[in-house]
1. Take B:A111 and tell me if it is crowded, with 23+ Cβ neighbours inside 10 Å, out of contact with any His (no Cβ under 9 Å at 6 or more places or on another chain), at the interface with chain A (Cβ under 10 Å from one of its Cβ atoms) and closer than 23 Å to B:Q201 by Cα.
2. What about A:G258, is it touching a Lys or Arg at 6+ places or on another chain (Cβ under 9 Å), in a loop (DSSP other than H, G, I, E, B) and under 28 Å from A:K289 (Cα atoms)?
3. For region B:167-180, what are the residues that are more than 7 Å from every other protein chain (Cβ to nearest Cβ), closer than 26 Å to A:L172 by Cβ and touching a Leu at 6+ places or on another chain (Cβ under 8 Å)?
4. Give just the number: which of (1) crowded, with 17+ Cβ neighbours inside 10 Å; (2) modelled with pLDDT of 95 or more does B:V208 not satisfy?
5. Looking only at region A:202-220, which residues are assigned to a loop (DSSP other than H, G, I, E, B), farther than 25 Å from A:Q93 by Cβ and touching a Lys or Arg at 6+ places or on another chain (Cβ under 9 Å)?
6. Got at least one residue in region B:108-122 being among the charged types (D, E, K, R) and under 30 Å from A:N174 (Cα atoms)?
7. Got a sec? Which of A:K264, A:K289 is crowded, with 16+ Cβ neighbours inside 10 Å and of a type in the set (K, R)?
Protein chains: 2
Amino acid sequence: MSIETPMSASFRGRSVLITGGLGFIGSHLARRLVAAGAKVMLVDSLIPEYGGNWFNVHDIRDRVTVNICDVRDPYAMPYLVQGQDFLFNLAGQTSHLDSMDDPHTDLAINAQAQLSILEACRKHNPGVKVVFASTRQLYGKPDYLPVDEKHPIRPVDVNGINKLAGEWYHLLYNNVHGIRACVLRLSNTYGPGMRVKDARQTFLGIWVRNLIEGRPIRVFGDGMQLRDFNFVDDCVDALLLAGATDESNGQVFNLGSGEIINLKDLAVMMTELGIDGSYEIVPFPPERKAIDIGDYYSDFAKIRASLGWEPRVGLREGLRRTVAYYQKHHEYYWAAMAG
Amino acid sequence: MSIETPMSASFRGRSVLITGGLGFIGSHLARRLVAAGAKVMLVDSLIPEYGGNWFNVHDIRDRVTVNICDVRDPYAMPYLVQGQDFLFNLAGQTSHLDSMDDPHTDLAINAQAQLSILEACRKHNPGVKVVFASTRQLYGKPDYLPVDEKHPIRPVDVNGINKLAGEWYHLLYNNVHGIRACVLRLSNTYGPGMRVKDARQTFLGIWVRNLIEGRPIRVFGDGMQLRDFNFVDDCVDALLLAGATDESNGQVFNLGSGEIINLKDLAVMMTELGIDGSYEIVPFPPERKAIDIGDYYSDFAKIRASLGWEPRVGLREGLRRTVAYYQKHHEYYWAAMAG
C-alpha cells in the first residue's frame, strides 16, 4: 500500500460510503480505505451493463459492508448517507453510446440521482464530505492542449451534459448549502477491475479482452489521436487526497498524465507486453465518429499545486499489471468463448 | 403589428407548437404568429405557480388551439409534436428560489421534459425547427460586462444548472441528430401578461403589482445593481427571427438591451409613470443574497450581426405600456386585496 500516513489518519475509524463501490475505481478505493482503517460501505446496483463485479472485492469481502441498491432509489440513499463521514460518489452511467440510445436512463443516474443524494445529505447529514467523480468528456473537442479546468465546457453527448449537471449540483450544494464537496474530472482510468467485457466503461477494456483472447485490437480512425491515461492506483490517490482536505471544497480538479500517447502507439505497446497480439486500424463507426473529440490530454497542474497529486505508475507498467490481472482472472470478467 | 413581411412568409400556413403558450412570452408569440397566418397550438399546464393565464390569449382565443398538458407528460408530447413545422419551447420553471426548495421539480421540467420533447422530435418529427428559451442566469456572477456568449458558464442555482442541461440537449440534438434547434438566452423580459402576483417569474412583476396597489416597491441591497431589460415584443421579434432561418441552427444567442439601468433608478422610473408610487431600499433576504449575481447586462452583438435583431421599445415606454395594462386588467392577474 502506497498510502501516506497523514492520509491514513484522515480515514482511520471514519465511516465512508462509496457509490459504485463494486465497480472498477470504487473497489480499489475501498481496498485502500480498509487498509487505512476506515469503516467502508459499498453501494452498488450491479446492473449487468455497468461496472459492478463481486470479484473486484473478493480479497476484502469480509472487511466491507455491501448494500445492493440503485442510486436512483429514493428511499435507500437518504437512509444510507446518514452517519457517514465521507461519501465518494462514483456511481454513474459511463457509456457514451448508451447515453445517446437511452438518454433518460443516463439523466436519471448521472443527474437526477446525484441531486437526490445531495438533497439527502442536506437534510440528513450536512457534515459529510463528498468527492464526486466526473469526466474530462465534458470539455468536448479541445480548443487547446493540454486542457485545464478553465477550458470551455462543451459536452458532445448526453452523458457529458448529465455528468456536468451532476458536477454542478455538487458545487452548488457546497457553495449554497455548505455540503463540503469537490469534483475530480477523470481522464482515461485503467487497471485491474475495469469492465473488459465490452467498451462501455473504457475502450481499453475491450482492447485487453481482445488481446487476451487472441483477436486483433481495433484502433478507430487513423490511430493518431492523442490521449492520456491514469492507472487506477493513481486515481485512487487523487480521490483520497481530495477527500482528506477541506482545501478541495468547491473545487474542480483535472486528473491526467504527462505521458501522452497516440492510440496506435498504445496498441503497439499492448502487443509488446509478452502476449502474442496484433492490432488493426479500422474506420470509425459512424455513431462513434459523431461523438469523437480528436486529440485530448489534460493539464493536471491545479491538483498538483493544491493537493500535491501526480501520477506515479507509468503506462507500460500499468498496462503490464492490468493485462497480467486479466490473464489470471478473466473468468470473472467475461464468459469464455466457445470452442 | 410590427412583423416584417419576409418573416410573416416564413410562418404563413405553417403549424407551430408553443410550449408555455398561455404564459407571458408564449401568448405574445402566439398573437404574432396568428397575425402572420400560422396554425398555432399552445401547450400549457396552467400550474398555478407558473406563468400560464387564460387572459393572456383572450383576444386570440378562437384563433389558436389550446392543449392543456404538462411538458412532463410522457405520452402527450410525443403526440403533439407530430406534424408541427416549428416548436417554440418556452415552458419552464422560472423561479430561482423554488428551484432551491424543490430541485427535483425544476429538474423534471427544465431538463428531463426537454430531453423527452427532443426525443419525441427525433422519433416522430425530425424535420421540425426548434427554438428554446433559456436564460442569462446560467452565466452566474459575471467576470466582465457586458456578458457575451463566450462568457464562462457558472450557474448559481439549481434552475441555472437544469436550464443549461436543457440548452445543451437542444444543441446536441441539432449537432448529432440533425434536429434543427437554437437557443436564446433571455435577459429580463417584461411586459403585459407577465406574472405579477409574486416575484416567481420576474421581480418586475411584484414591483408592478405593488405600484398599482399603492405599496412601496422594494429594492433589495443598495439598489446599485445594474440590469438590462427587454420589452416582450422585442423578445418575440428575436424568437421569430431565430425560428425563421436555418442560420440560427446550433447557435446560442444572448438577448439584451443597450439601455442599462440600476434597480434604484428603475424604481424611480416606475414611480414616475403617472401612478402615485414610492420605493424603499431594503436589505437582501438571505436566501436571495445567496444567489444574487451583482451587476449584469448582456452583449447582444451576435444576434444583431447574425439575425439583425435589436430591441426597439425603450424602457420607459415599455414600462408605461406594462403598467397601463395591469391598471386595466389586474383583476385577471391577482385577487384584489380585501378592504
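The values are calculated or read from the model by the stated rules, or taken from the named source; none is laboratory data. All figures in this text were calculated on a predicted structure; none of them were measured in a lab. Backbone-built Cβ (ideal geometry, glycine too); neighbour counts: all protein chains shown.
1. yes
2. For A:G258, the condition - touching a Lys or Arg at 6+ places or on another chain (Cβ under 9 Å), in a loop (DSSP other than H, G, I, E, B) and under 28 Å from A:K289 (Cα atoms) - is not met.
3. Within region B:167-180, B:E167, B:H170, B:Y173 qualify.
4. (2)
5. Passing the criteria: only A:R215.
6. Filtering region B:108-122 down to residues among the charged types (D, E, K, R) leaves B:119, B:122.
Retained after the next criterion (residues that are under 30 Å from A:N174 (Cα atoms)): none.
No; the residues of region B:108-122 include none that is among the charged types (D, E, K, R) and under 30 Å from A:N174 (Cα atoms).
7. Numbers: A:K289 fails: crowded, with 16+ Cβ neighbours inside 10 Å.
Within the list A:K264, A:K289, the selection yields A:K264.
Let's see how each residue does on (1) surrounded by 23 or more Cβ atoms within 10 Å (Cβ to Cβ); (2) closer than 20 Å to A:R321 by Cα; (3) touching a Phe, Trp or Tyr at 6+ places or on another chain (Cβ under 6 Å); (4) touching a residue at least 12 places away in the same chain (Cβ under 8 Å):
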{"position": "A:R195", "(1), (2), (3), (4)": "yes, yes, no, yes"}
{"position": "A:D198", "(1), (2), (3), (4)": "no, yes, no, no"}
{"position": "A:I212", "(1), (2), (3), (4)": "no, yes, yes, yes"}
{"position": "A:F220", "(1), (2), (3), (4)": "no, no, yes, yes"}
{"position": "A:T245", "(1), (2), (3), (4)": "no, no, no, yes"}
